Amino acid sequence: MKKLFLLFFMAIATVTFAQDQINFESGNFEFLKDQTEVNVQLIFDNAVYQEKNFTEAQYLENRKADITAKKNEAVWNNWIYQWGKFKKSEYLDYFLKGINGKSKKIVFKSDAKTKYTLIIDAKWIYAGWYGGMIGSQEAKLTADIKFVETDNPSNVMMKLKADKIGGKQMNKEFAWEYGRIAAAYEVTGKKLGKEIKAALK
């Protein structure tokens with residue numbers, strides 16, 4: 001019985017260790033050694049949301065019903081506007097803030113003409129919740145990460161996986177889902193930037 005409990009504990013510990021980090025799948029950072037800039041692109045086409053793996057349409061339908069019932073239509077209209085704004089540009093801005101704060105030798109940009117492009121393909125997004133004085137649950141991001149040749153995207157230089165990265169960093173929009181998700185993108189950037197900095201010393 002003790003051995004069974006120990007094995008169970010070790011399995012849980014292993015799963016826990018694998019989460020909230022960047023996991024390497026193939027390749028290495030050697031191709032970045034002579035680079036000064038890298039283009040960055042975010043993809044949301046394959047993302048599902050929350051524990052029930054809602055599509056974005058299902059998630060937004062649920063949020064609309066919840067917000068209009070508890071608040072009003074005006075609050076919902078602002079919420080959906082901000083959702084679109086964050087998805088279009090803010091998540092990328094937060095990611096760039098995170099990665100550029102750690103990776104000093106290479107500048108990561110959006111819409112840049114560079115040899116390589118870094119693609120963050122979101123697979124699962126947990127929006128967390130905000131309880132004010134009661135406390136909050138951070139958002140989490142799981143995404144496929146790959147570096148490709150910009151002019152030949154089928155040539156993948158490196159693959160990584162962001163596994164349930166928690167958005168621990170606070171921002172002024174943290175009370176809303178899009179603010180918490182932005183924090184998860186920022187932390188993902190920080191973790192990846194730290195790995196790049198260590199590899200390219």
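The values are calculated or read from the model by the stated rules, or taken from the named source; none is laboratory data. Because the structure is predicted, anything quoted here is derived from the model rather than measured. Reconstructed Cβ throughout: ideal geometry from the backbone, glycine too, with neighbour counts over all protein chains shown. Heavy atoms of the whole protein, side chains included, go into the accessibility calculation; ligands, DNA and RNA do not. Shrake-Rupley method; radii C 1.70, N 1.55, O 1.52, S 1.80 Å.
Considering (1) within 17 Å of F31 (Cβ to Cβ); (2) over 13 Å from the mean Cα position of the chain (by Cα), say which one K172 fails and leave the rest.
(1)
Across the range 153-188, which residue is farthest from K102 (Cα to Cα) among those that are in contact with a strand residue (DSSP E or B) (Cβ under 8 Å, 6 or more places away or on another chain) and free of Cβ contacts under 8 Å to residues at least 40 places away in the same chain? Please lay out each step first, then the result.
Step one: list which residues in the range 153-188 are in contact with a strand residue (DSSP E or B) (Cβ under 8 Å, 6 or more places away or on another chain), which gives 153-167, 174-176, 180-181, 184-185, 187-188.
Then drop every residue that is not free of Cβ contacts under 8 Å to residues at least 40 places away in the same chain, which leaves 153-155, 167.
Numbers: P153: 26, S154: 28, N155: 26, G167: 16 Å.
That would be S154.
Within the range 120-142, take every residue that is open to solvent by 20 Å² or more (accessible area, probe 1.4 Å) and of a type in the set (S, T, N, Q) and give me the one that is farthest from V38 (Cα to Cα).
Once the filter is applied, the top-ranked residue is S136.
Tally up the residues in the range 189-201 that are among the small types (G, A, S) and without any contact (Cβ under 8 Å) to a residue 40 or more places away in the chain, please.
Step one: of the range 189-201, the residues among the small types (G, A, S) are 189, 193, 198-199.
After this cut, where a residue has to be without any contact (Cβ under 8 Å) to a residue 40 or more places away in the chain as well, the list is 198.
Number of matching residues: 1.
Checking the structure you have, find out if any residue of the range 122-132 is assigned to a strand (DSSP E or B), closer than 22 Å to N23 by Cα, aliphatic (A, V, I, L, M) and more than 13 Å from the chain's Cα centre (by Cα).
The answer is no, given that none of the residues of the range 122-132 is assigned to a strand (DSSP E or B), closer than 22 Å to N23 by Cα, aliphatic (A, V, I, L, M) and more than 13 Å from the chain's Cα centre (by Cα).
What tally of residues in the range 63-88 results from selecting those that are among the β-branched types (V, I, T) and in contact with a Leu (Cβ under 9 Å, 6 or more places away or on another chain)? Please lay out each step first, then the result.
Kept after step one, since they are among the β-branched types (V, I, T), are these residues of the range 63-88: 67-68, 75, 80.
From what is left, the residues that are in contact with a Leu (Cβ under 9 Å, 6 or more places away or on another chain) are 80.
Total meeting the criteria: 1.
Quick one: V48 ticks every box in (1) within 21 Å of I165 (Cα to Cα); (2) more than 17 Å from the chain's Cα centre (by Cα); (3) open to solvent by less than 80 Å² (accessible area, probe 1.4 Å) bar one, so which box is it?
(2)
Quick check: anything in the range 179-198 surrounded by fewer than 17 Cβ atoms within 10 Å (Cβ to Cβ), hydrophobic (A, V, I, L, M, F, W, C) and over 20 Å from F86 (Cα atoms)?
Yes, the range 179-198 has at least one match.
Here is a yes/no grid of residues against (1) in a loop (DSSP other than H, G, I, E, B); (2) closer than 30 Å to R63 by Cα; (3) in contact with a Ser or Thr (Cβ under 8 Å, 6 or more places away or on another chain); (4) open to solvent by less than 10 Å² (accessible area, probe 1.4 Å):
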{"site": "F108", "(1), (2), (3), (4)": "no, no, no, yes"}
{"site": "K113", "(1), (2), (3), (4)": "yes, no, yes, no"}
{"site": "L118", "(1), (2), (3), (4)": "no, no, no, yes"}
{"site": "N155", "(1), (2), (3), (4)": "no, no, no, no"}
{"site": "K159", "(1), (2), (3), (4)": "no, no, yes, no"}
{"site": "A162", "(1), (2), (3), (4)": "no, yes, yes, yes"}
{"site": "E173", "(1), (2), (3), (4)": "yes, yes, no, no"}
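Of the residues in the range 133-153, how many are in contact with a Gly (Cβ under 9 Å, 6 or more places away or on another chain) and assigned to a strand (DSSP E or B)?
Residues of the range 133-153 in contact with a Gly (Cβ under 9 Å, 6 or more places away or on another chain): 136-141, 146-147.
Applying the additional criterion that residues be assigned to a strand (DSSP E or B) yields 136-137, 140-141, 146-147.
Summing the residues that are in contact with a Gly (Cβ under 9 Å, 6 or more places away or on another chain) and assigned to a strand (DSSP E or B) in the range 133-153 gives 6.
Is the range 143-150 home to any residue that is basic (K, R) and open to solvent by 40 Å² or more (accessible area, probe 1.4 Å)?
Step one: list which residues in the range 143-150 are basic (K, R), which gives 146.
Keeping just the survivors that are open to solvent by 40 Å² or more (accessible area, probe 1.4 Å) gives 146.
Within the range 143-150, one or more residues are basic (K, R) and open to solvent by 40 Å² or more (accessible area, probe 1.4 Å).
Checking E61 against (1) within 18 Å of T188 (Cβ to Cβ); (2) open to solvent by 80 Å² or more (accessible area, probe 1.4 Å); (3) at pLDDT 95 or above; (4) not small (G, A, S), only one condition comes out false. Which one?
Against the list (1) within 18 Å of T188 (Cβ to Cβ); (2) open to solvent by 80 Å² or more (accessible area, probe 1.4 Å); (3) at pLDDT 95 or above; (4) not small (G, A, S), E61 comes up short only on (1).
When you go through (1) open to solvent by 70 Å² or more (accessible area, probe 1.4 Å); (2) free of Cβ contacts under 8 Å to residues at least 12 places away in the same chain; (3) in contact with a strand residue (DSSP E or B) (Cβ under 7 Å, 6 or more places away or on another chain) one by one for N77, which number turns out not to apply?
(3)
Only residues that are assigned to a loop (DSSP other than H, G, I, E, B) and exposed (fewer than 14 other Cβ atoms within 10 Å of the Cβ): list them for the range 80-106, please. I'd like the intermediate steps shown before the answer.
Restricting attention to the range 80-106, the residues satisfying the condition of being assigned to a loop (DSSP other than H, G, I, E, B) are 101-106.
Within the range 80-106, G101, K104, K105 qualify.
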